[in-house]
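Written out below as structure tokens is the structure these notes cover.
FYI, it's all coordinate maths here, none of it is from the lab. Values in this document were obtained by computation on a predicted structure and should not be read as measured data. With ideal geometry, Cβ positions are generated from the backbone for all residues, glycine too; neighbour counts draw on all protein chains shown.
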Amino acid sequence: MGAAPETIPVREAHRFDEVALARYLAEHMADFKGPLAVRQFQGGQSNPTFHLATPRREYVLRKKPPGKLLPSAHAVDREYRAIAALAPKNVPVAKPFLLCEDASVIGTAFYVMDYVRGRVFRDVLLPGLGPDERRAIYDAMNAAMAQLHQVDWQAAGLASFGKPGNYYQRQIARWTQQYEAAKTEQIDAMDALARWLPANIPADDATTVVHGDFRLENMIFHASEPKVLAIIDWELSTLGHPLADLAYNCMPYLATAPGRGPLEDIDPALGIPSQADYVAAYCRRTDRPGIPDWNFYVAFSLFRSAGIVQGVYKRGLDGNASNATATQFGEVARQQSEYAWRLVQRG
């Protein structure tokens, strides 16, 4: 069995006792049998992720990073609880096997799930695909999000997974606090958004399960079909407002990235739907008549994203980030928050 794609030898800062892990899994997981080979996935800025290979099967392990962590961050137990509850509800997730909260085993809490083989698209432009394929991939992503938001969270056993209602009020307070804890320089736009957002929360107070980081890169697609096999990286999942996921998912339409401008400006002939068409497809799937206050939802998503990447940057400076490129995120929080504030000022 060859090395899994996008994996590297385990980084020095994230090494753990692999013998102890194999022993623990053999004792607690049915059908697990070594020897065990461990490699680290290159992607991911938060919880270090590892590929586990045995002669008979492959798995994925997600764990908390080493070092001092921000309060409530890196909640691998919440990730595990989410996928364990959603798997029987036909939401595409990797099959969960085991959660270990005993830090004495490998140094931090961790969980193990199935390794799903398929395609991961890192570039929202989907280079190498034709227009029809791009359109189908975006539609499959949209459908997976709508499917998640229509899960009966009480019937799924997630009634205590978060607090129904007042989602934006709590989230704005949380990410303001997280940003302040990871602050490395003054960003006026972040302070302005922290004042404006709580004073302008829309009346719509719907509650669903939300993923919290719903984007193309966090999905594994079938090797040849436009089908989502697994939504991954559930660390930020909770009970919340569904339009938080939708607005975050639409951020590439508005924000630039290295090598490209906003998706809203690209040639329609590429097959990627416009933001208006993408949002309309979601509304049809969820029986929503429309979305007033769209700028609020987008501004909040940019504010929250800025708070997240500021934490990534701070962990990079502290030397305990899960990704070696973390220190390159120094300007991202400023760029995202300034864009959001301009959006708010334009109305």
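Things to note:
- Pairs from LYS33/LYS63; LYS95/LYS314; LYS64/LYS314; LYS64/LYS95; LYS89/LYS163 whose Cα-Cα separation, in the structure shown, is over 23 Å: LYS95/LYS314
- A Förster distance of 25 Å, applied to the separation of the beta-carbon atoms of GLU12 and LEU343, puts the FRET efficiency at 0.05.
- The stretch between SER274 and GLU101 holds 57.9 nm of extra length on full extension. This uses 0.36 nm per residue minus the Cα-Cα distance.
- Segment 268-291-segment 1-28 distance, computed between alpha-carbon centres (Å): 41 Å
- Projecting the Cα atoms of TYR297, LEU236, TRP341 onto the dipole axis of the chain, where Lys and Arg carry +1 and Asp and Glu carry -1 at the beta carbon, places LEU236 farthest toward the positive end.
- Across ILE137, ILE308, ILE187, mean-square fluctuation computed from a Gaussian network of the chain (C-alpha pairs under 10 Å connected) peaks at ILE187.
- Projection of the Cα convex hull of the chain, averaged over all directions and equal to a quarter of that hull's surface, yields 17.3 nm².
- Viscosity 1.002 mPa s, temperature 20 °C, Stokes-Einstein D of segment 148-216 from Kirkwood C-alpha radius, µm²/s: 151 µm²/s
- Percent RCO, i.e. relative contact order, over the chain, from Cα pairs under 8 Å lying at least 6 residues apart: 19 percent
- Cα lying deepest toward the dipole's positive end in segment 7-114, options TYR59, ALA20, LEU36, charges on Cβ: TYR59
- Per-residue Cβ neighbour counts within 10 Å put LEU239, LEU263 in the sequence LEU239, LEU263, beginning with the fewest.
- Relative to the longest principal axis of the Cα atoms of the chain, the long axis of helix 294-318 makes an angle of roughly 40 degrees.
- Cβ-based exposure ranking for HIS149, HIS14, HIS222, HIS211, in which fewest neighbours within 10 Å come first: HIS222, HIS14, HIS149, HIS211
- FRET efficiency for GLN154 and ALA281, using Cβ-Cβ distance with R0 set to 35 Å, rounded to 0.05: 0.85
- Here is the list for segment 117-177: trypsin sites (Lys or Arg not before Pro) lying in DSSP coil, each with at most 15 other C-beta atoms within 10 angstrom of its C-beta, are ARG117, ARG122.
- About the centre of its Cα atoms, the chain shows a dipole size close to 460 debye [charges on the beta carbon of Lys, Arg (+1) and Asp, Glu (-1) only; nearest 20 debye].
- If R0 equals 41 Å, the separation of the Cβ atoms of ILE266 and MET29 corresponds to a calculated FRET efficiency of about 0.35.
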